[in-house]
Amino acid sequence: MTDVAQWMSRQRWYASKGGVPALRTIAELDERTDEARVLTRFVIDDASTGSVLYQVPVTEHEQPVPELEHARITTDDADADVLPSYDGPHDPAYARWLLGAIDHGAESLAPMGTVRSARVLRGEQSNTSIICDTEDNGTVIVKVFRVLHHGDNPDVTTQQALSAAGSARVPRVFGALRGVWPDTGRPDGTASGHLAFAQEFLPGLDDAWRVALDDARRGDSFAAGADRLGAALAEVHVTLAGAMPTEPATAERIEQARTTMLQRLETAAAEVPAIAEHADAVRAVYARAADARWPDLQRIHGDLHLGQVLSAPEPRGWVFLDFEGEPLRPLHERSLPDVPLRDVAGMLRSFDYVAGALAHDPDPVDAAAWAHEAREAFLDGYARGIGADVRSHRAVLDAFELDKAVYEVVYEARNRPTWVGIPVAAVERLATR
C-alpha cells in the first residue's frame, strides 16, 4: 500500500491534507474486462484527524499505458510481479466498465450505452467526475464518490426522484451504482452506499451567480430572472413533496432546529465580537420562530445558493445542481425531511452576497437596491409557484436566513476575514428588524 498512500496524499480529494495516510483495505471488488483488470478498493485511512473510508478505483494493465502516465499509481517497473496500475477514473477502460455496471444495475433509469471517449472533469475537490461521450445519449457526467458513508446519498436520491417524476429542473438522471462493504460497527456487519452517479452533462452554461453578478455590475435589473428562479424552486419543492415522504414539523423537530441555530450562534459570538453584541436579539428571533407555525417538512436542496443553479436556454430555464445538502451535517441528517424555507433563505442570502462581492471589487458598485429588488421578486415567484405567500411564515423564514448568515460569519472569519462584514451586516439587519 506504500505506492497508494504516497499517491493518495497528493490528491485533491484526500481529506487529511499534509498528513501521511495510514491505509488498510477492508474490501475489494475485482472485475476483468477485455481491456484491463478493474479493482474497486474500499480503503480506510486511520489518520490522526479521524478514520475516513475512501473508494479507490484502480485499473491494472499488462503493459504500461503512456497516455495514462499522469494517473500512474505504481512506481516500480523493475518488479515483474507488480502490474502497472492507474487511477481508474482517468482510464477510459474504467469508464466503459462503470457505465456498463450502472446500466445493468438496480438503480438504472435509462441506459447510457457504449462509451466512445472519456475524460476527467478538472478542478473538483471532494469527488471525481468523468465526462463520457456515449453512442446513445450524447454526453454524460458520472460522479465517482471518493469518501463513502453508509446510507443513501441525498444528491443521488433527490435527483433520481425529480428525474423519475419528469422534472427538467435537474439534469436528466441515468442511474447510480451502489456498493457494499464490511462494517464491524453495524449490527449485521455490513454497510452500503452510493459509489457513483450518472446524469446529463450540460456544458457551457453560466451559473445564476455569474448571471446575477454581471447584471448587478451593469446596473441591470434581475427582477424577472429572480421571479423565474423563485417559481422554479417552488416547482422543485412541489415535485419533491409529491415524490418523497413529507411529515409535520413536530415540536421535537422544531426544537432540534433551534438548538442547532443556538449552537452556531455561540460559535460565531465567540469568534466575532460584532455577533456577540447582537446575540440576545438573535436568540429572540429564534424564539419567535419556535413559537410560530411551520410548514410541513420534506426533501429539499439543503445548501442552495446562486452557484448551484445553471442558466439553460428557454424554455428550460433554471436547472438546479448538487443536492448533497450542507457539507458539515452528517449524511443521515441530510436525507431527512427538512423545512423548504431553508432553501428560500439560502437564496435570499445569495442575493445579498452579490451586492457584497461588488462592494469588494477594485471599482466598487453599490448594488444594495439591486439586491433588495431581486429578493422581493424571488419571493413573489416562489409564492406564485408554491400557491401560498411565503411571507406568512416570515418569523420562520427570518430565523433560517439569520442562521445562514451566522454560519457565513464563522466561515468568512476563518477563511476570508475581509468579507466578514457581509454576513455581519445581515445579522444586524435581521436581528433588529
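The values are calculated or read from the model by the stated rules, or taken from the named source; none is laboratory data. Everything numeric in this text was worked out from a predicted model, so none of it was measured. Heads up, the Cβs are rebuilt from the backbone with ideal geometry, glycines too, and the neighbour counts pull from every protein chain shown. These area figures cover heavy atoms from the full protein model, side chains too; ligands, DNA and RNA do not enter into them. Shrake-Rupley method; radii C 1.70, N 1.55, O 1.52, S 1.80 Å.
When a/c is below 1.5 the answer is rounded, else prolate if a/b is larger than b/c, else oblate, so apply that to segment 72-175 with a ≥ b ≥ c taken from the square roots of the Cα gyration tensor eigenvalues. Since a/c reaches 1.5 and a/b is larger than b/c, the shape of segment 72-175 is classed as prolate. Compared with the dominant Cα axis of the chain, that is its longest principal axis, helix 154-164 is turned about 80°. Accessible surface for Arg283 stands near 80 Å², nearest 10, in the context of the full protein assembly shown (1.4 Å probe).
Rounded to the nearest 10 degrees, the inclination of helix 279-291 to the longest alpha-carbon principal axis of the chain is 90 degrees.
Between amide H atoms placed 1.01 Å from N, distances below 5 Å from Asp338 occur with Gln298, Arg299, Ile300, all of them 5 or more places distant or on a separate chain. Within the assembled protein chains, the solvent-accessible surface assigned to Leu68 is about 10 Å², based on a 1.4 Å probe. Considering only alpha-carbon pairs that sit under 8 angstrom and 6 or more positions apart, the relative contact order computed for segment 1-98 is 21 percent. Each of Gly302, Tyr382, Phe174 was scored by the projection of its Cα onto the charge dipole of the chain, and the greatest displacement toward the positive side belongs to Tyr382; charges sit on the C-beta of Lys, Arg, Asp and Glu. In order along segment 195-205, the phi-based Karplus estimate (6.51 cos²θ - 1.76 cosθ + 1.60, θ = phi - 60°) of 3J(HN,Hα) comes to 9, 7, 8, 10, 8, 4, 9, 10, x, x, 9 Hz; Gly and Pro are listed as x.
Backbone geometry of segment 107-115 corresponds, through the Karplus equation with coefficients 6.51, -1.76 and 1.60 at θ = phi - 60°, to 3J(HN,Hα) couplings of 10, 7, 9, 7, x, 8, x, 6, 7 Hz, x marking Gly and Pro. Relative to the longest principal axis of the Cα atoms of the chain, helix 341-359 runs at roughly 90 degrees.
Just to make sure I understand: if all protein chains stay in place, what is the order of Thr190, Thr49 by accessible area at 1.4 Å, largest first?
Output order, biggest surface exposure first: Thr49, Thr190.
Dividing the convex hull volume of the alpha carbon atoms of the chain by its residue count gives 167 Å³ per residue.
The listed residues Thr260, Thr40, Thr184 rank as Thr184, Thr260, Thr40 when sorted by accessible area, largest first, using a 1.4 Å probe.
With both labels modelled 7 Å from their Cα along Cα-to-Cβ, the Glu255 to Thr139 distance reads 5.2 nm.
Express in whole angstrom the spacing between the alpha-carbon centres of segment 390-426 and segment 364-378. Rounded to whole Å, the Cα centres lie 16 Å apart.
Summarising the amide proton neighbourhood of Thr190: residues at separation of 5 or more, or on other chains, whose placed amide H is nearer than 5 Å comprise Asp183. Ligands, DNA and RNA excluded, the heavy atoms of Trp318 present near 20 Å² of accessible surface to a 1.4 Å solvent probe. How big is D for segment 267-349, in µm² s⁻¹ as a whole number, if Stokes-Einstein is applied with the Kirkwood radius of its Cα pairs at 20 °C and 1.002 mPa s? This corresponds to a translational diffusion coefficient of 140 µm²/s.
Just the accessible area per residue of the chain, please: how many Å² with a 1.4 Å probe?
I get 44 Å² per residue for this part.
Per-atom-type breakdown for the chain gives carbon and sulfur 51% of the accessible area (1.4 Å probe, protein chains only).
Comparing Glu373, Glu252, Glu60 in a Gaussian network model of the chain (Cα springs below 10 Å), the most mobile by mean-square fluctuation is Glu252. Using θ = phi - 60° in the Karplus curve 6.51 cos²θ - 1.76 cosθ + 1.60, the 3J(HN,Hα) couplings for segment 140-150 round to 10, 10, 10, 8, 9, 7, 7, 9, 10, 9, 5 Hz; x is entered for Gly and Pro. Per-residue ellipticity at 222 nm computed for the chain from its helices equals -13000 deg cm²/dmol, with DSSP H segments shorter than 4 residues left out and the rest contributing -39,500 (n - 2.57).
Between the amide H of Ser108 and those of Ala176, distances stay under 5 Å, these residues lying 5 or more places away or on another chain, with hydrogens modeled in the peptide plane.
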